[in-house]
Structures are given as C-alpha cells and as structure tokens.
Amino acid sequence: QVQLVESGGGLVQPGGSLRLSCAASGSIFAINVMGWYRQAPGKQRELVAIIPSGGSTKYADSVKGRFTISRDNAKNTVYLQMNSLKPEDTAVYYCNALARWRVGVSPSDYWGQGTQVTVSS
C-alpha cells in the first residue's frame, strides 16, 4: 500500500512562511489526486488544497491567495507553500493521496501522520 510522509511543519510568527512537503512511497500504481487537509483543536478536519494529476488546483477560501499547492509527479511528492500565515492557520496538517495500489482496484484515500504548524507571536 501507499505511505505518505510529511515534513516542513514548525513554529512561525504571523506573516511568516512555511513550505510543507509530502512524499508518497510503497506500492503505488497511480496517484490521481494529492492534497492537504488540516485539523485544529476542537475542529473538524478540513480541506486546504488539492491538486489532481493534470487538473486544476482547488483551495479553501480561507487560504486562497496565500497558499500554493504544487506537485512533482516524478517524485510522487506534493508541496504546500504557505505565505502570510495567520494564527488561524494553526493546525495539524495532513497529506492525502487518492491512489490505486495496483491495477484493477478502485482508488482509496491514504493519509500521512500529520505535521504541526503553529503560527504565534
């Protein structure tokens, strides 16, 4: 099956920037969509951004204009460039992939372990 490993989280001041990375490995036949979700304490997990293979990117309204998602298909890696960070962006960020682990199966969701992003002065 597919394993996802995130990196790049940390503590930043408001207005700062971070770049998250997520690399997929393991048994991979095809990755259709990669994306980022986040979950703050007491909140539901929410979609931040997604990037289908060969498709248009989608962003949550709350991050539009500040975050940029990109994808390197050759490396099975997705990135999230986060600029102008706000305290409201504080959350655990999870990498997600909609992928097939072998030919003939329906795509399934795979999740990383999460990386903490804290925006505070």
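The values are calculated or read from the model by the stated rules, or taken from the named source; none is laboratory data. These figures come from a predicted structure and were not determined experimentally. All Cβ positions, even for glycine, are placed from backbone atoms using ideal geometry, and neighbour counts span all protein chains on display. Accessible surface areas use protein heavy atoms only, side chains included; no ligands, DNA or RNA. Shrake-Rupley method; radii C 1.70, N 1.55, O 1.52, S 1.80 Å.
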Within the bounds of segment 90-102, is there any residue that is farther than 26 Å from Gly16 by Cα, part of a loop (DSSP other than H, G, I, E, B) and either in contact with a Leu (Cβ under 8 Å, 6 or more places away or on another chain) or open to solvent by 70 Å² or more (accessible area, probe 1.4 Å) (or both)?
-> yes
Tell me, yes or no, whether segment 56-76 has at least one residue that is in a loop (DSSP other than H, G, I, E, B), surrounded by 15 or more Cβ atoms within 10 Å (Cβ to Cβ), at positive phi and not aliphatic (A, V, I, L, M).
-> yes
Which of the residues that make up segment 33-48 are assigned to a strand (DSSP E or B) and farther than 19 Å from Asp61 by Cα?
-> Val33
Among the residues of segment 24-32, is any open to solvent by less than 20 Å² (accessible area, probe 1.4 Å), outside any strand (DSSP E or B) and in contact (Cβ under 8 Å) with a residue 24 or more places away in the chain?
-> no
For Tyr110, state whether it is in a strand (DSSP E or B), under 10 Å from the mean Cα position of the chain (by Cα) and either surrounded by 13 or more Cβ atoms within 10 Å (Cβ to Cβ) or in contact (Cβ under 8 Å) with a residue 12 or more places away in the chain (or both).
-> no
